[in-house]
Amino acid sequence: MNIMTNINYKKSLFFLAAVVFLFSCNKGTKSPVGKAVTEVLPEDIVELRADQIKLARVELGSVELRSMGTILKVNGKVSVAPQNQATVCMPLGGFIKKTNLLPGNNVNKGQTLAVIENQDFVDIQQNYLEAKNKLVFAEADFKRHSELYKSDVYSEQNLQQVTVEYKNLKAQVKSLEQKLILIGILPDGLNEDNISSTVNLISPINGFLKSVNVNIGKYVSPTDVLFEIINSDKLFLELTLFERDADKVLAGQNIRFLINNETEEHRALITQTGKSVSDDNTFSVYATVINPCKNLLPGMYVNAFIEESEAKVASLPSESVVSFDDKDFIFIFERDKTEAGNQFSEYRMIEVIKGVSASGFTEIRVPEGIDINTAKIVTKGAYNLLSAKKNAGEMAC
């Protein structure tokens, strides 16, 4: 039994004691013929005198239409989209000649991360320039033989041989161009005077360095990860939900979330929900972070609160709804009446179905035939009315 239940229980005991006392005052009242008159009330009616109503602190109100968005609490982590993170390697390997970066440094797209040295770079450039020069001669020879063949001066076999040599050189030059681009050398700017044994390793994106795995003089192979770069401008949340909550989340819903022990809330917007359920009966929901801050980093654990739909529903203060025998009830004012010179009020006990609760209010659904919009509903003192109803035998008039 929690604190609130204890308080309500004590209040009801006080109320019942007072009501029983008030009823006992009238216990000896007789009718003119000498017989006590006892009114039999319907099962769903509770009746109180004006002084009992005051003692029970009964107040009436009406249904309110309120936005009752519920909160779904989930866990997850901060992630980065594949296009916003990069793993940087050196396709042909080499020795690290220069670098001055540390983990956490910001880098820009196109910025030099390190200078790599390898003799193979020289060989590729040399082979490219030689093949390019040969291609110039082969192209001229191909054109000349084509003209001679048209004039029946040159044989078709000789033309075919020249054509094959020309196309092979053309393919070789194209292949070497791609190798140069792969290691970071622009073929258009390469000539015999600027062949170099070093190339600059360039950052492919903007972001910060998550890891730096290089040092001067270190040999790196093509499979070695030298740098990891993350662009934290566009972070998203990867949240884990149970399959039973699949119908509670949709793209476009708002999310509030906390990181570490911070009290400052961050916000995100659901962009996509998972299309399959894993073996542990969970699925993933993805949300884009709105206005990321410097404290928000990929990999962080988050506590998130998904705000469900906030459609306006019929609601009452939560204390208006009472529970009895695993059912939920409210009390509706039925009528005022006078008996033996005393003023009484009757309240009808109506079973309802509770919906979501938020900010001290609870959604209710009533049976058909009850005009919830015009009914006068007990908004305070409902627990005391329930106590009076349960003890009606002791308080019979």
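Nothing in this text is a laboratory measurement; each read-out follows from the coordinates by a stated rule. No experiment lies behind these values; they were computed from the predicted model shown. Glycine also receives a Cβ, built like all others from the backbone with ideal geometry; neighbour counts cover every protein chain displayed.
I want to confirm something. Restricting to the stretch 325-341 and keeping residues that are loosely packed, with under 13 Cβ neighbours inside 10 Å and touching a residue at least 24 places away in the same chain (Cβ under 8 Å), which single residue is nearest to Lys210 (Cα to Cα)?
Lys327
So that you can scan it fast, the table gives a plain yes or no per residue for (1) within 23 Å of Gln253 (Cβ to Cβ); (2) among the small types (Gly, Ala, Ser):
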site	(1), (2)
Asp279	no, no
Val289	yes, no
Pro298	yes, no
Glu307	yes, no
Pro317	no, no
Ala358	yes, yes
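Among the residues of the stretch 115-136 satisfying the criterion of being polar (S, T, N, Q) and part of a helix (DSSP H, G or I), which is farthest from Gly189 (Cα to Cα)?
Gln119
For the stretch 98-114, which residues satisfy the criterion of being in a strand (DSSP E or B) and either touching a Gly at 6+ places or on another chain (Cβ under 6 Å) or crowded, with 17+ Cβ neighbours inside 10 Å (or both)?
Correct list: Val107, Leu113, Ala114.
One line per residue, one yes/no per condition, for (1) more than 14 Å from Phe236 (Cα to Cα); (2) touching a residue at least 40 places away in the same chain (Cβ under 8 Å):
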| position | (1), (2) |
| --- | --- |
| Thr271 | no, no |
| Pro292 | no, yes |
| Ala304 | no, yes |
| Val313 | yes, yes |
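Please go through the stretch 278-309 and give me each residue that is exposed (fewer than 14 other Cβ atoms within 10 Å of the Cβ) and assigned to a loop (DSSP other than H, G, I, E, B), ordered by number.
Ser278, Asp279, Asp280, Asn281, Asn291, Cys293, Lys294, Asn295, Gly299, Ser309
Kindly indicate the residue of the stretch 343-373 that is surrounded by fewer than 18 Cβ atoms within 10 Å (Cβ to Cβ), assigned to a strand (DSSP E or B) and of a type in the set (Val, Ile, Thr) and also nearest to the chain's Cα centre (by Cα) among those meeting that condition.
Selected residue: Val356.
Matching residues to (1) polar (S, T, N, Q); (2) under 24 Å from Glu64 (Cα atoms):
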site: Ala358; (1), (2): no, yes
site: Asp371; (1), (2): no, yes
site: Thr379; (1), (2): yes, yes
site: Asn384; (1), (2): yes, yes
site: Lys389; (1), (2): no, no
